[in-house]
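First comes the structure, then the notes that go with it.
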Amino acid sequence: MESLHAPWRIEYILAPKAAPSDTSLFARIASSSEDEANHVIVREKTCYAVLNTYPYNGGHLLVVPYKQTADLNDLTEAELTGLMLLTRRCMNALSQAMKPDGFNVGLNLGKVAGAGVAEHLHIHIVPRWNGDTNFMPVIAQTSVVPQALAELAARLRAVLAETREAQS
(Lines give C-alpha, C1' and ligand atoms only; values in the text may rest on other atoms or scores of the structure.)
Protein backbone atom coordinates (compact mmCIF):
# COMPACT_ATOMS: atom_id res chain seq x y z
CA MET A 1 0.00 0.00 0.00
CA GLU A 2 1.25 3.48 -0.89
CA SER A 3 1.29 6.19 1.78
CA LEU A 4 0.16 9.72 1.08
CA HIS A 5 2.02 12.20 3.25
CA ALA A 6 0.30 15.49 4.11
CA PRO A 7 2.56 17.12 6.72
CA TRP A 8 0.61 20.40 6.66
CA ARG A 9 -2.34 18.62 8.34
CA ILE A 10 -0.44 18.33 11.63
CA GLU A 11 -1.07 22.03 12.28
CA TYR A 12 -4.81 21.36 12.31
CA ILE A 13 -4.49 18.17 14.33
CA LEU A 14 -2.39 19.76 17.06
CA ALA A 15 -4.02 23.21 17.09
CA PRO A 16 -6.16 24.11 20.09
CA LYS A 17 -9.85 23.69 19.30
CA ALA A 18 -12.28 26.50 20.06
CA ALA A 19 -14.77 25.88 22.83
CA PRO A 20 -18.42 25.55 21.74
CA SER A 21 -19.94 28.99 21.21
CA ASP A 22 -23.09 30.78 20.05
CA THR A 23 -20.89 32.67 17.61
CA SER A 24 -20.14 30.80 14.39
CA LEU A 25 -16.72 30.36 12.88
CA PHE A 26 -17.81 32.77 10.12
CA ALA A 27 -18.94 35.42 12.59
CA ARG A 28 -15.55 35.18 14.33
CA ILE A 29 -13.75 35.57 10.97
CA ALA A 30 -16.07 38.47 10.07
CA SER A 31 -15.11 40.36 13.23
CA SER A 32 -11.41 39.51 13.01
CA SER A 33 -8.83 41.83 11.48
CA GLU A 34 -6.55 38.89 10.61
CA ASP A 35 -7.61 38.51 6.98
CA GLU A 36 -4.37 36.90 5.81
CA ALA A 37 -4.35 34.32 8.61
CA ASN A 38 -8.03 33.53 7.91
CA HIS A 39 -7.57 33.48 4.10
CA VAL A 40 -10.15 36.26 3.61
CA ILE A 41 -9.73 37.50 0.06
CA VAL A 42 -12.21 40.38 -0.07
CA ARG A 43 -14.67 42.26 2.14
CA GLU A 44 -17.74 44.09 0.89
CA LYS A 45 -20.47 46.02 2.70
CA THR A 46 -22.73 43.05 3.55
CA CYS A 47 -20.49 40.01 3.05
CA TYR A 48 -16.97 38.72 2.55
CA ALA A 49 -15.20 35.90 0.70
CA VAL A 50 -12.79 33.42 2.25
CA LEU A 51 -10.87 30.44 0.91
CA ASN A 52 -12.08 27.18 2.37
CA THR A 53 -9.33 25.89 4.67
CA TYR A 54 -10.37 22.29 3.87
CA PRO A 55 -11.28 22.60 0.18
CA TYR A 56 -13.06 20.10 -2.04
CA ASN A 57 -10.89 21.37 -4.88
CA GLY A 58 -8.20 24.00 -5.43
CA GLY A 59 -9.69 27.49 -5.26
CA HIS A 60 -12.78 26.42 -3.26
CA LEU A 61 -14.03 29.55 -1.60
CA LEU A 62 -17.01 30.68 0.45
CA VAL A 63 -19.06 33.86 0.22
CA VAL A 64 -20.44 34.66 3.67
CA PRO A 65 -22.88 37.33 4.88
CA TYR A 66 -21.74 39.23 7.97
CA LYS A 67 -25.13 38.50 9.50
CA GLN A 68 -25.15 35.10 11.22
CA THR A 69 -28.26 33.27 10.05
CA ALA A 70 -29.14 29.82 8.77
CA ASP A 71 -32.12 31.09 6.74
CA LEU A 72 -32.08 33.10 3.51
CA ASN A 73 -35.36 34.70 4.64
CA ASP A 74 -33.46 36.49 7.43
CA LEU A 75 -31.33 38.43 4.93
CA THR A 76 -32.44 41.79 3.58
CA GLU A 77 -32.65 42.41 -0.16
CA ALA A 78 -29.40 44.37 0.05
CA GLU A 79 -27.70 41.44 1.83
CA LEU A 80 -29.00 38.93 -0.72
CA THR A 81 -27.93 41.16 -3.61
CA GLY A 82 -24.50 41.69 -2.05
CA LEU A 83 -24.09 37.94 -1.61
CA MET A 84 -24.83 37.22 -5.27
CA LEU A 85 -22.77 40.13 -6.60
CA LEU A 86 -19.74 39.01 -4.60
CA THR A 87 -20.30 35.42 -5.75
CA ARG A 88 -20.16 36.58 -9.37
CA ARG A 89 -17.12 38.77 -8.69
CA CYS A 90 -15.27 35.86 -7.04
CA MET A 91 -16.11 33.52 -9.91
CA ASN A 92 -14.65 36.09 -12.32
CA ALA A 93 -11.50 36.38 -10.20
CA LEU A 94 -11.13 32.58 -10.05
CA SER A 95 -11.61 32.42 -13.82
CA GLN A 96 -8.84 34.94 -14.33
CA ALA A 97 -6.46 33.46 -11.76
CA MET A 98 -7.03 29.71 -12.21
CA LYS A 99 -8.70 29.22 -15.63
CA PRO A 100 -11.26 26.58 -14.52
CA ASP A 101 -13.50 24.88 -17.08
CA GLY A 102 -16.58 25.35 -14.88
CA PHE A 103 -17.88 25.83 -11.35
CA ASN A 104 -20.06 24.19 -8.73
CA VAL A 105 -21.90 26.99 -6.91
CA GLY A 106 -24.38 26.41 -4.12
CA LEU A 107 -25.61 26.47 -0.55
CA ASN A 108 -26.06 23.59 1.88
CA LEU A 109 -28.87 24.75 4.17
CA GLY A 110 -29.20 22.63 7.31
CA LYS A 111 -27.14 19.75 8.70
CA VAL A 112 -29.17 17.20 6.75
CA ALA A 113 -28.19 19.02 3.53
CA GLY A 114 -24.52 18.76 4.38
CA ALA A 115 -23.92 22.18 5.97
CA GLY A 116 -20.70 22.05 7.97
CA VAL A 117 -21.50 25.39 9.63
CA ALA A 118 -25.29 25.09 9.68
CA GLU A 119 -25.90 28.17 11.84
CA HIS A 120 -24.33 30.58 9.31
CA LEU A 121 -25.32 30.19 5.67
CA HIS A 122 -22.65 30.63 3.00
CA ILE A 123 -22.27 30.08 -0.73
CA HIS A 124 -19.68 27.57 -1.93
CA ILE A 125 -17.79 28.31 -5.15
CA VAL A 126 -15.79 25.30 -6.32
CA PRO A 127 -13.74 25.67 -9.52
CA ARG A 128 -13.75 22.54 -11.70
CA TRP A 129 -11.51 21.35 -14.51
CA ASN A 130 -12.04 18.70 -17.13
CA GLY A 131 -10.59 15.51 -15.68
CA ASP A 132 -10.27 16.83 -12.11
CA THR A 133 -11.98 13.72 -10.77
CA ASN A 134 -9.26 11.11 -10.77
CA PHE A 135 -8.38 8.08 -8.69
CA MET A 136 -7.47 10.14 -5.58
CA PRO A 137 -10.98 11.33 -4.61
CA VAL A 138 -12.72 8.29 -6.09
CA ILE A 139 -10.60 5.49 -4.58
CA ALA A 140 -8.51 7.13 -1.84
CA GLN A 141 -11.19 9.66 -0.80
CA THR A 142 -8.41 12.25 -0.91
CA SER A 143 -8.37 15.55 -2.75
CA VAL A 144 -5.17 16.95 -4.22
CA VAL A 145 -5.00 20.73 -3.83
CA PRO A 146 -2.28 22.00 -6.17
CA GLN A 147 -1.62 25.42 -4.64
CA ALA A 148 -0.95 26.67 -1.11
CA LEU A 149 -3.87 28.63 0.38
CA ALA A 150 -1.77 31.67 1.32
CA GLU A 151 -0.33 31.87 -2.20
CA LEU A 152 -3.75 31.54 -3.83
CA ALA A 153 -5.32 34.04 -1.41
CA ALA A 154 -2.65 36.62 -2.31
CA ARG A 155 -3.24 36.05 -6.04
CA LEU A 156 -7.02 36.37 -5.70
CA ARG A 157 -6.69 39.53 -3.54
CA ALA A 158 -4.56 41.06 -6.31
CA VAL A 159 -7.05 40.11 -9.04
CA LEU A 160 -9.98 41.43 -6.98
CA ALA A 161 -8.14 44.70 -6.29
CA GLU A 162 -7.41 45.12 -10.03
CA THR A 163 -11.04 44.50 -10.98
CA ARG A 164 -12.26 46.90 -8.25
CA GLU A 165 -9.98 49.64 -9.63
CA ALA A 166 -11.16 48.93 -13.18
CA GLN A 167 -14.80 49.31 -12.06
CA SER A 168 -14.12 52.69 -10.39
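Listed by first and then second residue, the pairs with beta-carbon distance under 8 Å, at least 6 apart or on different chains, first residue in segment 52-63 and within 8 Å of Val126 (Cβ to Cβ), second surrounded by 21 or more Cβ atoms within 10 Å (Cβ to Cβ) and among the aromatic types (Phe, Trp, Tyr), form an empty list.
Condition check for Asn130 on (1) more than 13 Å from the chain's Cα centre (by Cα); (2) closer than 20 Å to Leu160 by Cα; (3) in a loop (DSSP other than H, G, I, E, B): one failure, at (2). Among residues that are over 20 Å from Thr23 (Cα atoms) and modelled with pLDDT of 95 or more, Met98 is not included. Screening segment 110-125 for residues that are out of contact with any helix residue (DSSP H, G or I) (no Cβ under 8 Å at 6 or more places or on another chain) and either touching a residue at least 60 places away in the same chain (Cβ under 8 Å) or outside any helix (DSSP H, G or I) (or both) and picking the one that is surrounded by the most Cβ atoms within 10 Å (Cβ to Cβ) gives His124.
Scanning segment 66-79 turns up no residue that is modelled with pLDDT under 95, surrounded by 12 or more Cβ atoms within 10 Å (Cβ to Cβ) and in contact with a strand residue (DSSP E or B) (Cβ under 7 Å, 6 or more places away or on another chain). One residue stands out in segment 126-168 among those that are of a type in the set (Val, Ile, Thr) and under 13 Å from Tyr56 (Cβ atoms): the one that is modelled with the highest pLDDT, namely Val126. A count restricted to segment 21-45 and to residues that are surrounded by fewer than 19 Cβ atoms within 10 Å (Cβ to Cβ) and either charged (D, E, K, R) or in contact with a Leu (Cβ under 8 Å, 6 or more places away or on another chain) (or both) stands at 8.
Taking (1) more than 23 Å from Lys99 (Cα to Cα); (2) at pLDDT below 95; (3) in contact with a helix residue (DSSP H, G or I) (Cβ under 8 Å, 6 or more places away or on another chain) in turn, Thr53 satisfies each apart from (1).
The values are calculated or read from the model by the stated rules, or taken from the named source; none is laboratory data. Just so we're clear, the structure is a prediction, and the values are computed from it rather than from any experiment. Counting neighbours? That spans all protein chains shown, and the Cβs are built from the backbone with ideal geometry, glycine included.
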